[in-house]
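Input: a single structure, listed below in structure tokens.
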Amino acid sequence: MGQSVWKPLLVMMVLVVAINLFYSFFARQPLEGGAPISYSRFKDELDAGNISKITIKGNAINGEFRNKVSVGAGATGQGGLRDVVRFSTVKPAIEDPALMGELQQKKVEVTAVTTEASPLISGLLYILPWVLIIGIWWIAMRGMRGQGPGNVMGGFSKSGAKMYTPSDKIKVNFDDVAGMDNAKLELREIVDYLRDPKKFQRIGGKVPKGVLLVGPPGTGKTLLARAVAGEAGVSFFTISASQFIEMFVGVGAGRVRDLFATAKKAAPSIIFIDELDAVGRSRGAGLGGGHDEREQTLNQLLSEMDGFDPHDEVIVMAATNRPDVLDPALLRPGRFDRHVVVDRPDWRDREKILHVHTRNIPIDKDVDLSVIARGTPGMTGADLENLVNEAAIMAARENSATVTMTHVEQAKDKVLMGGERKMYITEQEKRITAYHEAGHTLVAKLLPGTDPVHKVTIIPRGQALGVTQQLPEDDRYHYPKHYLMNRLAVALGGRVAERVVIGDLSTGAQNDLKMVNDLAEKMVCQWGMSDKIGAMTFSRGEEHPFLGRKLAEEKTFSEQMAWLIDQEIGAVIKEAESKAEEVITDNRQKLDALVAALIQEESLDGKRIDEVLATA
């Protein structure tokens, strides 16, 4: 809103305030009078016929005596006496109906002065507030029609995006992003186009209008965007999608318009929208209909990305970890043309990431980052950064000059298994926990094709009383049925060991049973690993993080098939349980040896487990 529009409103507001001040402090002031006297003294002088004339204004009475009267010099009548002719007094709150009769009887000249403001002032006081309200309403409506950079209430619909110009030195570039070579290659093309568009235009190539970074949380999508900003040398606008959403419908759409209008003025430029799924979820999902704020914002975003007016030199980048919930119109060519997958790093990339995060940390010479990288499968860049930070904190706590391999291993255990808890456990509960964890460990060691056991402990960690940790030798991308069956058997090994040895079951297998049921359901319903059902897939077991296109999941199979699915899931679990029971029953001596070692040492690593099993 320009200054020329605000100036009349400010003048009117000042005028209203000034008139009120004048009316309050001047128009309502009593007339200037003489010496103050009490009302009783006034009545006495009136009865004596010593009052010649008075002026009445509200409750104030000013007048003159016929003959001089001696009154006190102070306001209360105390102090030295002086002779005065003029006086002033105030009528009490109690009415005196006989006053006017007495005044007439004593031949007193009476003058009355009104306390009301002049008609001009009264009219101004009545009209100006309405003028002010109408003026503010008119300007608000004018801003809502504009919906541009200078819209409602001085920029209420401005995007709030953070802008980086080429003069701003962003410290992150592609060299600071470890791994992700494929993603960096595709994004480098965007940077090269903005630097030298003729290189691509010579053969008719067009730069993608939108680039969508897709990957699990913590894989470095936002870091890649910051690296693009550091490499591009053009204006870079960054904003979170949640900043578009407001309580008032239309504000988000106005912010989208403002963002693109500002980016076009600064072209060539890049817009980066983080967490796109906050505003880009499928339209018509849920109860909002087509007129809620989020959907209006999404409609405006679709229009800006590929509407009537082209914007060849404005590229939109966005990041999300939920591409499956995005509206199909966002993902079509012409909007987000290119989808860059930022997946979890393999062990080679994890080693590079560890080198980046340990650049400013004193690392002992015994720390082998390749060993750490191989022992942290599935970890993202954020997980590895947290691991290095935990190791540094542990080293500082011990006043160590460097971070040693012991610190790193302790930090890895804390990240993977949770922090140690100090709590009292009875010998009976400790024995049950030992048999439970030994059951997991024994099945994992003796079944072929299972992941190696890295560590087993009966020290409470996180929310568990004991933990058995398995780490695969390398990253896995395919999971055969025999591997999954062995995994089910390992998970059920603790429960089976309790039943075989103690003759009873405990609540310690709750998380194991949940994992077993979820995995068995996916094997039967999604991966076609049931011989009776065959190569069929069903929606059971799918994850629904939000209320999607339907308020309730539609059942796409008959009751007979549902019964068969339940039977097959139960059969898979029972087969895995029988396998675990066979291993534990046939190797009872080794199980007891593991339990004895656990009770004595509380934690066993992979090497120590092999020693115990070899001597049993």
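The values are calculated or read from the model by the stated rules, or taken from the named source; none is laboratory data. All of these numbers come straight from a predicted model, not from anything done at the bench. Note that each Cβ is placed from the backbone with ideal geometry, even for glycine, and that neighbours are counted across all protein chains shown. To get the accessible areas, we keep the full protein, side chains included, count just its heavy atoms, and leave off ligands, DNA and RNA. Shrake-Rupley method; radii C 1.70, N 1.55, O 1.52, S 1.80 Å.
Among the residues in region 3-18, are any in contact with an Asp or Glu (Cβ under 8 Å, 6 or more places away or on another chain) and either over 21 Å from residue 93 (Cβ atoms) or modelled with pLDDT under 60 (or both)? Explain how you work it out, then say what you get.
Of the residues in region 3-18, the ones in contact with an Asp or Glu (Cβ under 8 Å, 6 or more places away or on another chain) are none.
No, because not a single residue in region 3-18 is in contact with an Asp or Glu (Cβ under 8 Å, 6 or more places away or on another chain) and either over 21 Å from residue 93 (Cβ atoms) or modelled with pLDDT under 60 (or both).
Tell me the residue from 449, 418, 462, 466 that is small (Gly, Ala, Ser), at positive phi and in contact with a strand residue (DSSP E or B) (Cβ under 7 Å, 6 or more places away or on another chain), please.
Among 449, 418, 462, 466, only 418 is small (Gly, Ala, Ser), at positive phi and in contact with a strand residue (DSSP E or B) (Cβ under 7 Å, 6 or more places away or on another chain).
When residue 428 is evaluated against the numbered criteria (1) surrounded by 14 or more Cβ atoms within 10 Å (Cβ to Cβ); (2) without any contact (Cβ under 8 Å) to a residue 12 or more places away in the chain; (3) in a helix (DSSP H, G or I), which criterion, by number, is the only one it fails?
Exception for residue 428: condition (1).
Looking at region 174-220, which of its residues are assigned to a loop (DSSP other than H, G, I, E, B) and of a type in the set (Asp, Glu)?
196
Among the residues of region 354-363, are any under 30 Å from the mean Cα position of the chain (by Cα), modelled with pLDDT of 85 or more, open to solvent by less than 20 Å² (accessible area, probe 1.4 Å) and not polar (S, T, N, Q)?
Yes, region 354-363 contains at least one residue that is under 30 Å from the mean Cα position of the chain (by Cα), modelled with pLDDT of 85 or more, open to solvent by less than 20 Å² (accessible area, probe 1.4 Å) and not polar (S, T, N, Q).
Write out, first by first residue and then by second, each pair whose Cβ atoms fall under 6 Å of each other, whose residues are 6+ apart or on separate chains, and whose first residue, in region 96-115, is under 20 Å from residue 41 (Cβ atoms) and open to solvent by less than 60 Å² (accessible area, probe 1.4 Å) while the second is hydroxyl-bearing (Ser, Thr, Tyr) and part of a helix (DSSP H, G or I).
Qualifying pairs under 6 Å: none.
Anything in region 477-504 that is aliphatic (A, V, I, L, M) and out of contact with any Asp or Glu (no Cβ under 6 Å at 6 or more places or on another chain)? List them, or say none. Spell out the reasoning first.
So the first thing to find is which residues in region 477-504 are aliphatic (A, V, I, L, M), and the list is 484-485, 488-492, 496-497, 500-502.
Across region 477-504, the qualifying residues are 484, 485, 488, 489, 490, 497, 500, 501, 502.
Here is a check on your reading of the model: is residue 556 at pLDDT below 85, within 40 Å of the chain's Cα centre (by Cα) and not in a helix (DSSP H, G or I)?
Numbers: at pLDDT below 85: yes; within 40 Å of the chain's Cα centre (by Cα): yes; not in a helix (DSSP H, G or I): yes.
The answer is yes for residue 556.
I'd like the full set of residues that are more than 42 Å from the chain's Cα centre (by Cα) and either within 17 Å of residue 513 (Cα to Cα) or in a strand (DSSP E or B) (or both), limited to region 440-471.
443
Do you know which residues across region 269-296 are at pLDDT below 80, open to solvent by less than 50 Å² (accessible area, probe 1.4 Å) and either in a loop (DSSP other than H, G, I, E, B) or β-branched (Val, Ile, Thr) (or both)?
Result: 282, 285, 286, 288, 289, 290, 292.
Within region 405-413, is even one residue under 28 Å from residue 499 (Cα atoms), more than 34 Å from the chain's Cα centre (by Cα) and at pLDDT 85 or above? Show your work before the answer.
If we filter region 405-413 for residues that are under 28 Å from residue 499 (Cα atoms), which is where we start, we get none.
For region 405-413, residues under 28 Å from residue 499 (Cα atoms), more than 34 Å from the chain's Cα centre (by Cα) and at pLDDT 85 or above: absent.
Name every residue in region 327-353 that is open to solvent by less than 70 Å² (accessible area, probe 1.4 Å), modelled with pLDDT of 85 or more and part of a strand (DSSP E or B), in order of residue number.
Selection gives 340 alone.
Output the qualifying pairs, or none if there are none: Cβ atoms under 7 angstrom, residues six or more apart or on different chains, first residue in region 372-396 and at positive phi, second residue assigned to a loop (DSSP other than H, G, I, E, B) and open to solvent by 30 Å² or more (accessible area, probe 1.4 Å).
That search, which allows pairs on different chains as well, returns 378/344.
Can you run down the residue pairs with Cβ atoms below 6 Å, 6 or more apart or on separate chains, where the first is in region 165-181 and modelled with pLDDT under 70 and the partner is of a type in the set (A, V, I, L, M, F, W, C)?
Final answer for the pair search is 170/229.
Would you confirm, using the coordinates I've provided, whether residue 438 is open to solvent by less than 10 Å² (accessible area, probe 1.4 Å), closer than 17 Å to residue 573 by Cα and touching a residue at least 60 places away in the same chain (Cβ under 8 Å)?
no
Among (1) over 30 Å from residue 530 (Cα atoms); (2) in a helix (DSSP H, G or I); (3) touching a Ser or Thr at 6+ places or on another chain (Cβ under 9 Å), there is one condition residue 571 misses while meeting the rest; what is its number?
(1)
Against the conditions (1) open to solvent by 30 Å² or more (accessible area, probe 1.4 Å); (2) modelled with pLDDT of 75 or more; (3) over 23 Å from residue 217 (Cβ atoms), where does residue 238 fall short? Just the number, please.
Result: residue 238 fails condition (3) only.
Would you be able to tell me the number of residues in region 364-392 that are in a helix (DSSP H, G or I) and either closer than 26 Å to residue 181 by Cα or open to solvent by 70 Å² or more (accessible area, probe 1.4 Å) (or both)?
Start the filter on region 364-392 by keeping residues that are in a helix (DSSP H, G or I), which leaves 369-374, 381-392.
Pick out the ones that are also either closer than 26 Å to residue 181 by Cα or open to solvent by 70 Å² or more (accessible area, probe 1.4 Å) (or both) and you get 369-374, 381-389.
Summing the residues that are in a helix (DSSP H, G or I) and either closer than 26 Å to residue 181 by Cα or open to solvent by 70 Å² or more (accessible area, probe 1.4 Å) (or both) in region 364-392 gives 15.
Given the residues 419, 449, which is the only one that is at pLDDT below 90, surrounded by fewer than 13 Cβ atoms within 10 Å (Cβ to Cβ) and within 17 Å of residue 610 (Cα to Cα)? Let's see the steps before the verdict.
Working: 419 fails: within 17 Å of residue 610 (Cα to Cα).
Exactly one of 419, 449 is at pLDDT below 90, surrounded by fewer than 13 Cβ atoms within 10 Å (Cβ to Cβ) and within 17 Å of residue 610 (Cα to Cα), namely 449.
Taking the criterion of being in a helix (DSSP H, G or I), under 21 Å from residue 609 (Cα atoms) and either of a type in the set (S, T, N, Q) or open to solvent by 70 Å² or more (accessible area, probe 1.4 Å) (or both), would at least one residue in region 494-514 satisfy it?
No: region 494-514 contains no residue that is in a helix (DSSP H, G or I), under 21 Å from residue 609 (Cα atoms) and either of a type in the set (S, T, N, Q) or open to solvent by 70 Å² or more (accessible area, probe 1.4 Å) (or both).
On the basis of being under 21 Å from residue 463 (Cα atoms) and at pLDDT below 90, does residue 491 make the cut?
Values: under 21 Å from residue 463 (Cα atoms): yes; at pLDDT below 90: no.
Criteria not met by residue 491.
Taking the conditions exactly as written (loosely packed, with under 14 Cβ neighbours inside 10 Å, among the acidic types (Asp, Glu) and either in a helix (DSSP H, G or I) or on the phi > 0 side of the Ramachandran plot (or both)), does residue 566 satisfy them or not?
yes
Looking at region 528-545, I want the residues that are among the β-branched types (Val, Ile, Thr) and have a partner that is open to solvent by 80 Å² or more (accessible area, probe 1.4 Å) and at pLDDT 85 or above with Cβ atoms under 9 Å, at least 6 apart or on another chain. Which pairs are those?
Cβ pairs passing all conditions: 537/527.
I'd like the residue in region 523-536 that is within 36 Å of the chain's Cα centre (by Cα) and open to solvent by 30 Å² or more (accessible area, probe 1.4 Å) and, out of all such residues, is farthest from residue 479 (Cα to Cα).
526
Give 460, 448 a once-over and let me know the one that is of a type outside the set (A, V, I, L, M) and in contact with a Gly (Cβ under 9 Å, 6 or more places away or on another chain).
Checking each option against the conditions leaves just 460.
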